[in-house]
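The values are calculated or read from the model by the stated rules, or taken from the named source; none is laboratory data. Small disclaimer: the values here were computed from a predicted structure and weren't measured. Glycine also receives a Cβ, built like all others from the backbone with ideal geometry; neighbour counts cover every protein chain displayed. All accessible areas refer to the heavy atoms of the entire protein, side chains included, with ligands and DNA or RNA removed. Shrake-Rupley method; radii C 1.70, N 1.55, O 1.52, S 1.80 Å.
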Amino acid sequence: MGGRGHITGSVADRAIAVEQRLPLTPDTMKAYSSLFLVLVFVLSAGSTFANKTAGRTYDDPKMLDFWIGEWDLTWQGKEGEENGSNTITKTLKGAVIHESFNGLPGMEFHGQSFSLLSRVDKSWKQVWVDSANGYLDFDGYKEGEKVVFHRKGKDPEGKLIHQRMVFYDINKDSFTWDWETSPNGADWTLRWRIHYKRKTAGG
């Protein structure tokens, strides 16, 4: 935070100093425009780099390749084991990974997500929408053998809450997915666990 504030102040002070020295002409207007673009770049770059954590990989283009395919899902419901399915495909010339979640027969719930490796900040993004009018946006990364998508939101009382999806125990034909929440980003509570098993041919 201190480093980012120092950079911000330094660039802004220089912009003000240049404006005070130079007369307002077409050439100086171009100079102001260029300086403004540099300022925007520095601020956005500082924000992006400050949010990345050591030990995590943000720009692996193959991070979600394991997820592609047709999956049978199982989880524990109120009355015992429940089942659903999920279909994951690549679209838009392979740039986007599309998820189509079907909660049936376990529950009447459907959702879709779109994930991609952003060319802007070289990190994974995901947007989720569902049949319960839900909308969630995530930042993704790989940490060890786990894939994580994290976001900050609000609980029903309006308090800040951290939410994340964790993909782990990843094998060719199976893995486990956890949905977790935390009040502080450190102490996590499991809310939903789904076991994925790849569909077999004709299954």
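May I ask you to work out the translational diffusion coefficient for the stretch 77-203 at 4 °C, viscosity 1.567 mPa s, via Stokes-Einstein with Rh from the Kirkwood sum over Cα pairs, reported in whole µm²/s?
Taking Rh from Cα pairs, D becomes 81 µm²/s.
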Quick one: compute the contact order of the stretch 99-199, relative version, from alpha carbon pairs under 8 angstrom and 6+ residues apart, as a percent. 14
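Where the accessible area of the stretch 103-203 is counted over protein heavy atoms with a 1.4 Å probe, how much of it, in %, is carbon and sulfur?
52
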Sorting check: for 126-132, 146-152, which peptide has the highest mean count of neighbouring beta carbons within 10 Å, and how do the rest follow? 146-152, 126-132
Once Lys and Arg get +1 and Asp and Glu get -1 on their Cβ, which of Thr189, Val96, Gly153 lies farthest toward the positive end of the dipole of the stretch 53-203? Val96
Which of the GluC sites (Glu not before Pro) found in the stretch 67-135 are loop residues per DSSP with 10 or fewer other Cβ atoms within 10 Å of their Cβ? Glu79, Glu108
